[in-house]
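A short write-up of the structure that comes next.
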Amino acid sequence: MTTLPAAPPLTQLDALESEGIHVMREVAGEFERPVLLFSGGKDSIVMLHLARKAFWPAPVPFALMHVDTGHNFPEVIEYRDRVVAEHGLRLVVASVQDAIDDGRVTERPDGSRNPLQTVPLLDGITANRFDAVFGGGRRDEEKARAKERVFSLRDEFGQWDPRRQRPELWDLYNGRHKPGEHVRVFPLSNWTELDVWRYIEREEIELPAIYYSHQREVFLRDGMWLAPGGWGGPRAGEALEVRTVRYRTVGDMSCTGAVESTAATVPEVIAEVGASRLTERGATRADDRASEAAMEDRKREGYF
């Protein structure tokens, strides 16, 4: 009798990829109108890569949605539009500027629009009747995100109650929801920042150039290097300097800091991330420094 050779064991990246693809296929089969939140950041780019793998050779069966603060890095917007065009994807843009113009939200004195994204996000979900929303949250990012399950129920107001979390034993996911409710889905829940970068290296995924070392005009505020822009920086007494930097995460220019770095390639970034003792949000996102519960408070209101 011929004995077939045993299949090689899955690597960690294989297992994470398989889980992410499984989650996406579950959502596509269980929900009517899913959408993938796409910021042009590395986590949403990896999610899109998983989606393309999950349904290949068919097209991705759901739209992308970007909550546009109006204070985005130009390199990221260029990347977003190019990827959407290259792969024939449908993009829904929920605009913070439109919400300001309509009086639904009010501009903040500090110029930051990151906390203003919740209203246009929820309006976009309601207007398009999305019932499942893929997000790129990872459990190593921030304390509140560590509380999330893979399927996270939101009520009819888009709000999150951690006490309503459902068990997910044996990778079985419960997507039941009432009319008006929706489910946030996190395919990267078990990934770390280092996993994301190793996967980017293995799959040769292109990222916006700001993730790699480059020279940029920046100024120092509260220990972070911020880029100048239409959001109002720098203030009086904040001097512009040209520094060699890169970005670990992508968000509103007013609260997303650069880190000084010479890592210009993926292997160099992997070595740098592996040696870091700070999460990317803790090191580079001013909005998460407001309080210990800053992210959880925003999540309860309907934030990502």
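The values are calculated or read from the model by the stated rules, or taken from the named source; none is laboratory data. Treat the numbers as computed from the prediction; the structure is a model and nothing was measured. Using ideal geometry, Cβ is built from the backbone for each residue, glycine included, and neighbour counts are taken over all protein chains shown. Surface areas here come from the heavy atoms of the whole protein model, side chains and all, with no ligands, DNA or RNA. Shrake-Rupley method; radii C 1.70, N 1.55, O 1.52, S 1.80 Å.
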For the stretch 248-263, Karplus couplings with θ = phi - 60° (6.51, -1.76, 1.60), whole Hz, Gly/Pro x: 8, 9, 10, x, 5, 4, 6, 9, 9, x, 8, 10, 5, 7, 10, 6
Of the chymotrypsin sites (Phe, Trp or Tyr not before Pro) in the stretch 139-216, those whose Cβ has at most 14 other Cβ within 10 Å and which sit in DSSP loop: Phe157
For Ala209 paired with Glu107, estimate the spin-label separation in nm (one decimal), with each label point 7 Å from Cα along the Cα-to-Cβ line. 3.0 nm
Express the relative contact order of the stretch 208-289 as a whole percentage, based on alpha carbon pairs under 8 Å and six or more residues apart in sequence. 30 percent
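Can you pull the Kirkwood radius for the chain, inverse mean 1/r over Cα pairs, to one decimal in Å? All intermediate terms of the calculation are to be shown ahead of the outcome.
Details: mean 1/r = 0.0495 Å⁻¹.
One over the average 1/r among Cα pairs gives 20.2 Å for the chain.
When the dipole is taken about the Cα centre of the stretch 28-112, and only Lys, Arg (+1) and Asp, Glu (-1) are charged at their Cβ, what size is it in debye, to the nearest 20? Mind dumping the intermediate values first?
On the way: 9 positive and 13 negative charges, 86 e Å.
Using only the charged Cβ atoms, the result is roughly 420 debye.
Place the peptides 183-190, 202-209 in order of packing, highest mean first, counting for every residue the other Cβ atoms within 10 Å and averaging per peptide.
Details: 183-190: 24.4, 202-209: 14.9.
Ranked by mean Cβ neighbours within 10 Å, highest first: 183-190, 202-209.
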Are there trypsin sites (Lys or Arg not before Pro) in the stretch 38-119 that DSSP marks as loop and that have at most 16 other Cβ atoms within 10 Å, and which are they? Arg90, Arg104
Phi to ³J(HN,Hα) by Karplus 6.51 cos²θ - 1.76 cosθ + 1.60 over the stretch 203-209, Hz, x for Gly, Pro: 8, 6, 8, 6, 10, x, 4
Cα extents of the stretch 208-289 along the principal axes, largest first, in whole Å, come to 38, 26, 20
How big is the gap, in Å, between the Cα center of the stretch 91-163 and the Cα center of the stretch 172-226? 15 Å
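Given a cut-off of under 8 Å on Cα pairs at least six residues apart, what relative contact order in percent is computed for the chain?
Numbers: 508 pairs, mean separation 60.5, N = 304.
Contact order relative to length: 20 percent.
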Please give the contour-minus-distance gain from Ala85 to Arg139: 0.36 nm per residue of separation, less the Cα-Cα distance, rounded to one decimal in nm. 16.3 nm
Based on Cβ point charges of +1 for Lys and Arg and -1 for Asp and Glu, what charge dipole magnitude is obtained for the chain about its Cα centre, in debye rounded to the nearest 20? 520 debye
Quick calc, Glu217 & Lys178: beta-carbon distance into FRET formula, R0 35 Å, rounding 0.05, result 0.10
Restricting to aspartates and glutamates and to Cα separations under 15 Å from Lys53, and discarding same-chain partners fewer than 8 apart, the set is Asp14, Glu17, Glu19, Glu26, Glu203, Glu204
Potential lengthening between Trp170 and Glu32 on full extension [0.36 nm per residue; Cα-Cα distance subtracted]: 47.3 nm
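Highest mean first, what order results for 69-77, 229-237, 128-136 on Cβ atoms within 10 Å? Intermediate values should be presented prior to the final figure.
Details: 69-77: 18.4, 229-237: 13.1, 128-136: 21.3.
The densest-packed peptide leads the list: 128-136, 69-77, 229-237.
Hey, got the dipole for the stretch 208-289? About the Cα centre, +1 on K and R Cβ, -1 on D and E Cβ, debye to the nearest 20? Before the final figure, lay out each step's value.
Working: 10 positive and 11 negative charges, 16 e Å.
In debye, rounded to 20, the stretch 208-289 gives about 80.
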Please calculate how many Å² of accessible area the chain carries per residue, with a 1.4 Å probe and no DNA, RNA or ligand atoms counted. 47 Å²
Calculate one ³J(HN,Hα) per residue across the stretch 13-30 by plugging θ = phi - 60° into the Karplus curve 6.51 cos²θ - 1.76 cosθ + 1.60, and present them in order as whole Hz with x for glycine and proline. 5, 4, 5, 5, 4, 4, 5, x, 5, 4, 4, 5, 5, 4, 5, 4, x, 9
Carbon + sulfur, % of accessible area of the chain - ligands and nucleic acids excluded, 1.4 Å: 53 percent
